[in-house]
Amino acid sequence: MDIPERRILELLLPESLVREAEEAAQRAGLPLGEWLQVQLEEVLGSDVTRRLNEVYDNVDSRTDPVLAEMFYGSLDPEDWPQARTKTSRDAWALWQQGREFNRIEGLTPLLASWDSKTHPSQIRLRTYLDDVKKRLGQLPEKELSVHLHVDVGTSERLTRHYDLENYLTPLVFDLGARRFDLVSAEKVVGGGSWLSVGTAAPAEDGLAAWAFVDCMAGSSATSRAWKERLHDRIETVVWEAAPAGTVACTMAFRCSSRRNWASLWKPAGDAMGPILGDDPRRPYNPNDDRITEIAFHRNIDDALGNNVEVGIWWKSLAASEATH
């Protein structure tokens, strides 16, 4: 559902309590919608919260005049947030690395770990992240780019495991996602791994030859309905998955500056089954290991509130690899 969470709170609570909720969400470093999700799960449990999310996401205020009047204060669609939605690939700002600030050679990148804080894998990850931060030094607070070049060692690892998003997420979370407008990575065989940080400059290549789809995905990226909406939109333009082999992918996210945009990467990637192929028995688990080049771009639009628009570009690399 596209109704801003703040508007729901305004209907239920005094303004002073709404402000307290917003301040608590800011202290937690979360968008208001995600902070509310955490509070609901603590009080009601995850199963009840999931059911509430399903109801929330399936109500369509755009076709219900009572809800339209209640939440938007107008029956005119031109006054609703969706009227600002841009759907053309030309409406997206893409970035490339500008001036390089620092480069770390001889790096051994580590994947995200979901073990406990005391588990050896988490301790290794923490040590790695601390070392990277120390070697990079003090970074500017905004308009940055970061690129991770991963040498996976063997060709089998290019398409099996070693998911690039799982390398980038812990790194960018630790460095501070709001600093970056462009986050990218590639995996190769040989040559060693390295990390580069610099400015984010407007891209010269608009990816005109790449396949493209975009979608107003909504606000609650942690819900199944958010993934379904993006997945179903992709299905409208994709007849079959990209050919077997490696794939390059670019994803852009238009969202509020307050949003931790790195938390959107995984749910958006989970919806890419129509592009990458997946197992029907395991929905939202695409074959994303075969992405060997990935880039995440941020487009800031505070008028969207908690809503998120997603743009996806992709191309198969199998043909170019066959000629080398």
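Quick note: the coordinates plus some simple rules give every number you see, no bench work behind them. Not measured: the values here are computed from a predicted model. Heads up, the Cβs are rebuilt from the backbone with ideal geometry, glycines too, and the neighbour counts pull from every protein chain shown.
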_Please compute the modelled spin-label separation between Glu228 and Ala91, points set 7 Å along Cα→Cβ, answer in nm with one decimal._
2.5
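The stretch 156-244: which chymotrypsin sites (Phe, Trp or Tyr not before Pro) are DSSP loop and have at most 16 other beta-carbon atoms within 10 angstrom? Write out the running numbers ahead of the final one.
Details: sites: Tyr162, Tyr167, Phe173, Phe180, Trp194, Trp210, Phe212, Trp226, Trp239; in loops: Tyr162, Trp210, Trp239.
Those that pass, being in a loop and sparsely packed, are Trp210, Trp239.
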*In the stretch 249-324, with Lys and Arg counted as +1 and Asp and Glu as -1 at Cβ, which of these residues, Gly311, Ser256, Asn299, has the Cα nearest the positive end of the dipole, that is, farthest along it?*
Ser256
*Running Debye on the stretch 205-324 with equal point scatterers at the Cα sites and no solvent, what base-10 log of I(q)/I(0) appears at q = 0.14, 0.18, 0.23 Å⁻¹?*
-0.57, -0.92, -1.40
